[in-house]
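Right, one structure below, let's go through it.
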Amino acid sequence: MNRRTFLKSVPALTVLASASTGFANDANEATGTNQQPIPQTYDVIKLNPPDLNRGISLMQALKKRKTNRDISDKRVTLQQLSDLLWAADGVNRPDGKRTSPAAMGIYCVDIYVVLPEGIYLYDAAKHELKPVAKGDFRKLAGMQDFVFIAPLNLVYVFTLKPAPNAPAPVPEEKRKIWGDVEVGCMVQNVYLYCASQGLAATVRGMVDQKKFGETIKVKPEQIVVAQTIGYPK
Ligand SMILES: Cc1cc2nc3c(=O)[nH]c(=O)nc-3n(C[C@H](O)[C@H](O)[C@H](O)COP(=O)(O)O)c2cc1C
């Protein structure tokens, strides 16, 4: 599915968590609506269009937002993965802009998705995952036991890609600060999505930056933070 088809498939660009129909019961029902699993193959993973009609109200999600490290090894579904990546930094407008803001529209953060089968790079324009490294790298994605068994870890990486469309030159030091802000927005979007779906999440500074960086071929200092997601125990 190309970007145009994907955007056509989004009926109304509403705020992700704005469809308020209740509280905890709704979240539980929503997590059970689509049980399609994430393909357990090391290949391109096509993500589903975001489901814009599930979730609790934004205010209820803010009330429930918290860090939860008691995460089980139960796998999240393809729809949950699709929705939370779209919430983090998906394309939400025809001009290609995203759910998270980026200074000057220069997108300088990549999201690496660590699944038990491998590491993948989120391509927001195509709304798909591209394979980067085959194998179980969860031990490199964190230093706390819950990370090693959790079904999903996101690693937020500052990129040094040139920004040819930047309206003005930006010093790298400034871009790095802006990149950190961009990551903060993505992390909070994922936290709110998880709160709205009854999922557990923990943002983490503790990542093996050297080894994880070597694996995905970036410098250690490019790795900003990681986030672990799964069902609460
Ligand atoms: C930048 C940053 C780094 C963090 N690093 C870790 C970490 O490595 N491991 C961890 O268990 N929690 C980590 N946390 C989560 C905080 O401990 C947590 O947000 C804090 O205790 C407040 O709890 P709350 O998120 O439930 O409000 C981090 C939070 C932030 C913002």
Going through the cross-link list 176/211; 64/161; 139/161; 139/233; 63/130, which pairs have a Cα-Cα distance over 31 Å in this structure? 64/161; 63/130
Convert each backbone phi in segment 132-142 into a coupling constant with the Karplus relation 6.51 cos²θ - 1.76 cosθ + 1.60 (shift: θ = phi - 60°), then list the ³J(HN,Hα) values in order as whole Hz, x for Gly and Pro. 10, 8, 8, x, 8, 10, 4, 5, 8, 7, x
For segment 181-197, take each phi angle, set θ = phi - 60°, evaluate the Karplus expression 6.51 cos²θ - 1.76 cosθ + 1.60, and give the result in whole Hz per residue in order, putting x for glycine and proline. 5, 4, 4, x, 5, 4, 4, 5, 4, 5, 4, 5, 4, 4, 4, 6, 10
Out of residues 5 or more away from residue 98 or on other chains, whose amide H comes under 5 Å of its own, with H placed 1.01 Å from N in the peptide plane? 92
Result for segment 132-233: accessible area per residue, probe 1.4 angstrom, in square angstrom, of 46 Å²
Tell me, what ³J(HN,Hα) does each residue in segment 87-101 have, in order and in whole Hz, if you take phi through Karplus 6.51 cos²θ - 1.76 cosθ + 1.60 with θ = phi - 60° and put x for Gly and Pro? 4, 5, 6, x, 6, 10, 9, x, 7, x, 6, 10, 5, 9, x
Taking each pair of different alpha-carbon atoms in segment 55-152 once, compute 1/r for the pair, average those values, and report the inverse of that mean as the Kirkwood hydrodynamic radius in Å to one decimal. 15.3 Å
Residues whose modelled amide H sits under 5 Å from the amide H of residue 225, counting only those 5 or more places away in sequence or on another chain, are 156
Amide H contacts under 5 Å for residue 48, restricted to residues at least 5 apart in sequence or on another chain and with H modeled in the peptide plane, are 82
Within straight-line cross-link reach of residue 174, aspartates and glutamates at Cα separation under 14 Å, skipping those fewer than 8 residues along the same chain: 182
Show me 172-185, 87-100 ranked by packing, highest mean number of other Cβ atoms within 10 Å first. 87-100, 172-185
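The values are calculated or read from the model by the stated rules, or taken from the named source; none is laboratory data. Fair warning: this is a prediction, and the values are worked out from it, not measured in the lab. A quick note on method: Cβ atoms are made from the backbone with ideal geometry, for glycine too, and the neighbour counts reach across all protein chains shown. All accessible areas refer to the heavy atoms of the entire protein, side chains included, with ligands and DNA or RNA removed. Shrake-Rupley method; radii C 1.70, N 1.55, O 1.52, S 1.80 Å.
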